[in-house]
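The values are calculated or read from the model by the stated rules, or taken from the named source; none is laboratory data. Just so you know, these numbers come straight off a predicted model, no measurement behind them. Because the Cβ atoms are built from the backbone with ideal geometry, glycine has one as well, and the counts that use them run over all protein chains shown.
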Amino acid sequence: MLNHITLHVSNLEKSKTFFRAALAPLGYKLLIEKEHSAGFGQEDVAGKRDFWIRQREIGDSKSFSCLAFTASSKNEVDMFYTAALGAGGTSNGAPGYRVTYHPGYYAAYILDHNGYNIEAVWDDSEK
């Protein structure tokens, strides 16, 4: 299990605005702000702020292909997608079942302004 992840971003304010909106349907909130970073999570408890962004030069290469957040329903995936588009994200895959991964894998993909592929996924156990 991951404790936390830190994503380097080129513009902290723009990224805070994007992730605040995109992750709200998944229960994430901006919980702590520092001079060059911000911490998000579902609970404002040390150790529960599991997603951080830090401003720094990121260049052209990305260190991962996808950052996926767990949704608790199909509707949360849909709301993530809509909120992320509204916050300036670009579609990289509309909400839908991705049977190439496994039956019941329901996800949506958004590229943020840094070019990172951000995903919300729900595992539909009835599929």
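Computed values, structure above
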item	result
Any hit, the stretch 38-50, residues being of a type in the set (Lys, Arg), under 16 Å from the mean Cα position of the chain (by Cα) and closer than 29 Å to Asp124 by Cα	yes
When residues of the stretch 33-53 are limited to those that are at pLDDT 90 or above and assigned to a loop (DSSP other than H, G, I, E, B), the one surrounded by the fewest Cβ atoms within 10 Å (Cβ to Cβ)	Glu35
Matching entry among Val9, Val99, Val121 (being hydrophobic (A, V, I, L, M, F, W, C) and surrounded by fewer than 16 Cβ atoms within 10 Å (Cβ to Cβ))	Val99
The stretch 97-127, residues that are in a strand (DSSP E or B) and either farther than 17 Å from Phe69 by Cβ or hydrophobic (A, V, I, L, M, F, W, C) (or both)	Tyr97, Ala107, Ala108, Ile110, Leu111, Ile118, Ala120, Val121, Trp122
Check on Asn75, of a type in the set (S, T, N, Q) and either surrounded by 15 or more Cβ atoms within 10 Å (Cβ to Cβ) or over 21 Å from Gln42 (Cα atoms) (or both)	no
